Amino acid sequence: MTKPQSFVSASRAALLGVAVGDALGVPVEFESRQVRAADPVTGMRAYGTHRQPAGTWSDDSSLTFCLAETLARRDGLSVSPDLADFGRRCINWLDNGYWTATGETFDVGGATHTAINKLRRGVAPELAGPRSEFDNGNEALMRILPLVFHQTWQVEALDLNAAWALTSAVATVTHGHPRSTLGCFFYLLMARQLVRGEAPMVAYEQSAALVNSWLHKQASELVFHEIPHYNAVLRGDLPALSEQQISSSGYVVHTLEAALWCLLRHDTYPATVLAAVNLGEDTDTTAAVAGGLAGLAYGEASIPAAWLTVLARRTDIEVLAQRLTTR
Ligand SMILES: [Mg+2]
């Protein structure tokens, strides 16, 4: 175990790590792996899929920052998060371009859109997220990372029941099915171990062992039913899988697998996020999810300066990261 990071530097590395990964993927979102193999992304590109300037991040980062804002409110990291506040910020993002890179909201996922429409009609945040098995896109996973700084996830003696309840509450605002919560839960546990200074492979083995033993103690049929869907992650041998066995669709299970696979097969921030983008398809989200962990693993200094220089609203992100973890 190396030295644990300060929360401020971890928070900056995490938020910048998400946004840079997202921005690398935006210009080539939806393009296939074959197209990327012939023309790999090696740095920030402009235009492409969403016709945005270089350094423009999308919904993944916007909703991550909305959650960070909610948690950055006074006592937001020690009490139960104010989900109504988070819901209002999500509405403001979709309607008014709040916490967007350029003032324009683009790239909105289906379940998120449905949930925000319900929030706008006054449905309680606990009931807003669609909850069928088919509502398991990766949009709860892509925005969940700031929650790792909540006290529940950071106490020395981690209470996995409390961490599950907190994660479920925050995921459910847009994604009410336990499969989405389980993806977020594993991801946050990985992130916690990285904040504490563990190397990625050690963090992964510890997370797989902890989640496996916790899941097998659950009385809930629903949670137990989810285990087979995360087999590749929970078995503990994810990095041994071939690229052909890794999907990079917008399904939460695929995104978690792909992001972890990229993290565990590479040993720098840029190599991890470029590998994620070059898997193709849901490039921005795979790279945002991988980028948050790679930022935590290797620190802000590992993110290429040339990428940070063009990143939209870099200073605003840094100030938000500071506010998230200092009071
Ligand atoms: Mg996106």
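Beta carbons within 10 angstrom, averaged per residue: use that to sort the peptides 192-201, 91-100, highest first.
Working: 192-201: 20.4, 91-100: 17.1.
Descending packing order for the listed peptides: 192-201, 91-100.
Per the Cα gyration tensor, the chain maps to an equivalent ellipsoid with semi-axes of 25, 23, 20 Å, ordered largest to smallest. 3J(HN,Hα) couplings calculated from phi for the stretch 232-240 with the Karplus curve 6.51 cos²θ - 1.76 cosθ + 1.60 (θ = phi - 60°) are, in sequence order, 4, 6, 6, 5, x, 10, 3, x, 7 Hz; Gly and Pro show x.
Using a ≥ b ≥ c from the Cα gyration tensor of the stretch 238-309 (square roots of the eigenvalues), is it rounded, prolate or oblate, where a/c under 1.5 gives rounded and otherwise the larger of a/b and b/c decides, a/b for prolate? Spell out each step's value before the answer.
Working: a/c = 2.11, a/b = 1.62, b/c = 1.30.
The shape class here is prolate.
No solvent, one uniform scatterer per C-alpha: report log10 I(q)/I(0) for the stretch 88-232 via the Debye equation at q = 0.21 1/Å, two decimals. Result of the Debye calculation: -1.30.
Each stretch of four or more DSSP H residues adds -39500 (n - 2.57); spread over every residue of the chain, this sum gives -17000 deg cm²/dmol at 222 nm. Of all the options Asp316, Asp267, Asp60, the one that moves most in a Gaussian network model of the chain with Cα springs shorter than 10 angstrom is Asp316. Between Ala38 and Asn212, the simple label model (points 7 Å from Cα in the Cβ direction) yields a spacing of 4.2 nm. With both labels modelled 7 Å from their Cα along Cα-to-Cβ, the Glu205 to Ile227 distance reads 2.2 nm. Extension gain, Ala162-Gln322: 0.36 nm per intervening residue step, less the Cα-Cα distance, totals 55.0 nm.
Across the stretch 37-178, the mean sequence separation of Cα contacts (distance under 8 Å, 6 or more residues apart), normalised by length, yields a relative contact order of 27 percent.
Assign one of three labels to the stretch 1-150, namely rounded, prolate or oblate, based on the Cα gyration tensor with a ≥ b ≥ c the square roots of its eigenvalues; rounded applies when a/c is under 1.5, prolate when it is not and a/b is larger than b/c, and oblate otherwise. Spell out each step's value before the answer.
On the way: a/c = 1.83, a/b = 1.22, b/c = 1.49.
Oblate, since a/c reaches 1.5 and b/c is not below a/b.
Viscosity 1.567 mPa s, temperature 4 °C: Stokes-Einstein D of the stretch 136-214 from its Kirkwood Cα radius, in µm² per second? Intermediate values should be presented prior to the final figure.
Details: Rh = 12.5 Å.
Taking Rh from Cα pairs, D becomes 104 µm²/s.
Under the simplified labelling scheme, the Ser80-Leu241 pair shows an inter-label distance of 3.5 nm, with each label point 7 Å from Cα along Cα→Cβ. Note on Ala219 and Ala305: with the Förster distance fixed at 41 Å, the Cβ-Cβ geometry gives a FRET efficiency of about 0.20.
We did not get these values from a lab; they are worked out from the coordinates using the rules stated. Everything quoted here is computed from the prediction, not taken from an experiment. Note: ideal-geometry Cβ built from the backbone for every residue, glycine included; neighbour counts use all protein chains shown.
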